[in-house]
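Below is one structure, written out as structure tokens, with a few remarks after it.
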Amino acid sequence: SKDTIYNYTYNVKSYNETTGCYGEAKVIEVVVSPNPGTPVVSNKSRCGAGDVELTAQPGNNANTCCWYANDELLATATNYTAEGLEATTTFKVSSYNSESGCESSKSNVIATIHAPELPSVTGNDAI
């Protein structure tokens, strides 16, 4: 496969030192896959509290992304919607190859919540 760097096959037998006997041979295959590249990310922002849709492009040798907050896996997808954010929040995202199980290092993605501007009132005239 194009996602394989090395593919090794070994025949392995156990050996009992007390009896001098060998066990039945077993075939073990070892596949070494390339590390995925880090994802391409962009920070997003919105005015006031609400949902923020975050996106990431998986790096080389990856087919999706993993989204994290506080080291907890939130989703495995290229997009993640952070719902109901009330404050600026930093998420982490990695590239992931679902076939090999290999994951890249994590990158920060920041969802910025801007406080809405309050109207200014001038003068002290009663209404």
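In debye, nearest 20: dipole of the chain around its Cα centre with unit charges on the Cβ of K, R (+) and D, E (-)?
420 debye
To the nearest 0.05, what FRET efficiency results for Ala87 and Ser42 with a Förster distance of 25 Å applied to their C-beta separation?
Between Ala87 and Ser42 the formula returns 0.80.
Under a GNM of the chain (C-alpha, springs under 10 Å), which listed residue has the highest mean-square fluctuation: Tyr68, Tyr96, Tyr15?
In this elastic network of the chain, the residue with the biggest mean-square fluctuation among Tyr68, Tyr96, Tyr15 is Tyr15.
Could you list log10 I(q)/I(0) for the stretch 1-99 at q = 0.16 Å⁻¹, which the Debye formula gives when each Cα is one point scatterer?
Here log10 of I(q) over I(0) equals -0.76.
Within the chain, what's the longest stretch lacking trypsin sites (Lys or Arg not before Pro) that sit in DSSP loops with no more than 12 other Cβ atoms inside 10 Å?
Longest site-free region, per DSSP loop and neighbour criteria: 14-127.
Each value in this text was obtained by applying a stated rule to the coordinates, not by laboratory testing. All figures in this text were calculated on a predicted structure; none of them were measured in a lab. Cβ: placed from backbone, ideal geometry, glycine included. Neighbour counts: every protein chain shown.
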